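**Q** Structure in structure tokens, see below.
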Amino acid sequence: MRRSSPPSAPGTIVDVRDLFFNVPARLKFLKSKPTEAGAVYDVALRVALANPELRLTVTHDGRRVHTYLPVRDREGRARATFEDEDLQRVEASHGSLRVLAMLGAPERARSGTRFLHFFVNGRPVQDVKLARAVTFAYGSVVPPGRFPSGVVYLELPHDEVDVNAHPQKREVRFARGAALYEGLTRALAKEL
């Protein structure tokens, strides 16, 4: 069993440079610089949304791209991240599921789920069914294929989530998936 290292002290700086310079097998699979930079920005965004207490600065080629300042809670981080959106806070529960969501207005819904982020027990995940459950909660005001911007934090018992469903841990498997998706839709629909 591997021991985890202790958390870093406040003020710790992590600087990553030339990550694959001596690993040609990985280097050949890298995409263009803008594409790879975008992937790094997405990872930084997910880390910031999951950890509102962190100060996170992202630089690229010596230029500051974004700074996430520490905030009091998840809602504060969501509002700071989606400052152009009028987010509606929804806090609800359904059975063992607890939901905290900050979701944008239906008239600003976009195609694709790029601006809709999900966290299950603090872990960032991608799940098209969760995104559909959110749009179903809006009813007919969000057209099919469009999704609101925002963040949805789900908390449920650990034994109801399998985090080993995907090698990159971006996808999870739910013990009672259908009930969870329905519960999320119902919990959000009451408030939206």
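**Q** Within the range 85-139, restricting attention to residues that are of a type in the set (Phe, Trp, Tyr) and free of Cβ contacts under 8 Å to residues at least 60 places away in the same chain, which residue is nearest to Val163 (Cα to Cα)?
**A** If we take residues in the range 85-139 being of a type in the set (Phe, Trp, Tyr) and free of Cβ contacts under 8 Å to residues at least 60 places away in the same chain, then Phe118 is nearest to Val163 (Cα to Cα).
**Q** While we're here: Given (1) open to solvent by 70 Å² or more (accessible area, probe 1.4 Å); (2) more than 25 Å from Ala187 (Cα to Cα); (3) without any contact (Cβ under 8 Å) to a residue 12 or more places away in the chain, where does Ala9 come up short, assuming only one miss?
**A** Answer for Ala9: the failing condition is (1).
**Q** Against the condition within 19 Å of Val152 (Cβ to Cβ), in contact with an Asp or Glu (Cβ under 7 Å, 6 or more places away or on another chain) and either open to solvent by 60 Å² or more (accessible area, probe 1.4 Å) or outside any helix (DSSP H, G or I) (or both), how does Arg89 come out, does it pass?
**A** Spelling it out, Arg89 is indeed within 19 Å of Val152 (Cβ to Cβ), in contact with an Asp or Glu (Cβ under 7 Å, 6 or more places away or on another chain) and either open to solvent by 60 Å² or more (accessible area, probe 1.4 Å) or outside any helix (DSSP H, G or I) (or both).
**Q** Which residues, counting only those in the range 60-79, are of a type in the set (A, V, I, L, M) and either exposed (fewer than 11 other Cβ atoms within 10 Å of the Cβ) or not in a loop (DSSP other than H, G, I, E, B) (or both)?
**A** Result: Val65, Ala78.
**Q** Sticking with this one: Please list, ordered by first then second residue, the pairs with beta carbon atoms under 9 Å, 6 or more apart or interchain, first in the range 140-169 and more than 24 Å from Asn51 (Cα to Cα), second among the aliphatic types (A, V, I, L, M) and open to solvent by 30 Å² or more (accessible area, probe 1.4 Å).
**A** Val141/Leu192
**Q** Take the residues in the range 96-127 that are β-branched (Val, Ile, Thr) and open to solvent by less than 50 Å² (accessible area, probe 1.4 Å), then tell me which one is nearest to Val47 (Cα to Cα).
**A** So the residue we want is Val125.
**Q** May I pose another question? Taking the range 171-188 only, how many residues are surrounded by 14 or more Cβ atoms within 10 Å (Cβ to Cβ) and over 13 Å from Arg132 (Cβ atoms)?
**A** Going through the range 171-188 one residue at a time, the tally reaches 8.
**Q** Looking only at the range 9-35, count how many residues are outside any loop (DSSP other than H, G, I, E, B), at pLDDT below 85 and under 26 Å from Phe82 (Cα atoms).
**A** Of the residues in the range 9-35, 1 are outside any loop (DSSP other than H, G, I, E, B), at pLDDT below 85 and under 26 Å from Phe82 (Cα atoms).
**Q** Give me a count of the residues in the range 134-170 that are surrounded by fewer than 16 Cβ atoms within 10 Å (Cβ to Cβ) and either outside any strand (DSSP E or B) or on the phi > 0 side of the Ramachandran plot (or both).
**A** 17
**Q** When Arg72 is evaluated against the numbered criteria (1) out of contact with any Phe, Trp or Tyr (no Cβ under 7 Å at 6 or more places or on another chain); (2) in contact (Cβ under 8 Å) with a residue 60 or more places away in the chain, which criterion, by number, is the only one it fails?
**A** Here Arg72 clears every test but (2).
**Q** Working only within the range 166-192, note down all residues that are of a type outside the set (Asp, Glu), under 17 Å from the mean Cα position of the chain (by Cα) and modelled with pLDDT under 90.
**A** His166, Gln168, Lys169, Arg170, Val172, Arg173
**Q** Taking only pairs six or more apart or across chains, which ones have beta-carbon atoms under 6 Å, a first residue in the range 27-50 that is surrounded by 12 or more Cβ atoms within 10 Å (Cβ to Cβ), and a second residue that is acidic (Asp, Glu)?
**A** Leu30/Glu36
The values are calculated or read from the model by the stated rules, or taken from the named source; none is laboratory data. Note that the structure is predicted; figures quoted are calculated from it, not measured. Every residue, glycine as well, gets a Cβ built from its backbone with ideal geometry; the counts of neighbours run over all protein chains shown. These accessible areas exclude ligands, DNA and RNA; they are computed on the full protein's heavy atoms, side chains included. Shrake-Rupley method; radii C 1.70, N 1.55, O 1.52, S 1.80 Å.
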